[in-house]
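The values are calculated or read from the model by the stated rules, or taken from the named source; none is laboratory data. None of these values were measured; they are calculated from a predicted model. Backbone-built Cβ (ideal geometry, glycine too); neighbour counts: all protein chains shown.
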Amino acid sequence: MITKVRIAPLEKWCEIAKSPKGTTLERASRIVGMEVEIYTESLGPHPKHGDDSVKTWIITEESKRRIFEAAGKRVPAASYKFCEHMLEMD
């Protein structure tokens, strides 16, 4: 199942989300408020947090393309996860 969510303001992002390799806060700010689609069944822990309580979801290929292009970055071939800190969820 797919659901739509928005990218949260930078103030809500965790430090790991704010500083991915090759990204500046200026680039990151370009995606704030954008709508993305996540696969709800992809819910899992965030491997970099070292804490299984931090949730992540895989975003759809179309959402990945739009997000990376908006941030001025090359779109990765692999699936991409966003942690709960980056998403405004109801």
Counted residues, the stretch 22-38 - those being under 21 Å from THR60 (Cβ atoms) and either modelled with pLDDT of 85 or more or β-branched (Val, Ile, Thr) (or both): 10
Within the stretch 42-73, considering residues that are touching a residue at least 40 places away in the same chain (Cβ under 8 Å), in contact with a strand residue (DSSP E or B) (Cβ under 9 Å, 6 or more places away or on another chain) and not in a loop (DSSP other than H, G, I, E, B), the one surrounded by the fewest Cβ atoms within 10 Å (Cβ to Cβ): VAL54
Complete set of residues in the stretch 5-21 that are at pLDDT 85 or above, more than 13 Å from PHE82 (Cβ to Cβ) and of a type outside the set (Asp, Glu): PRO9, LEU10
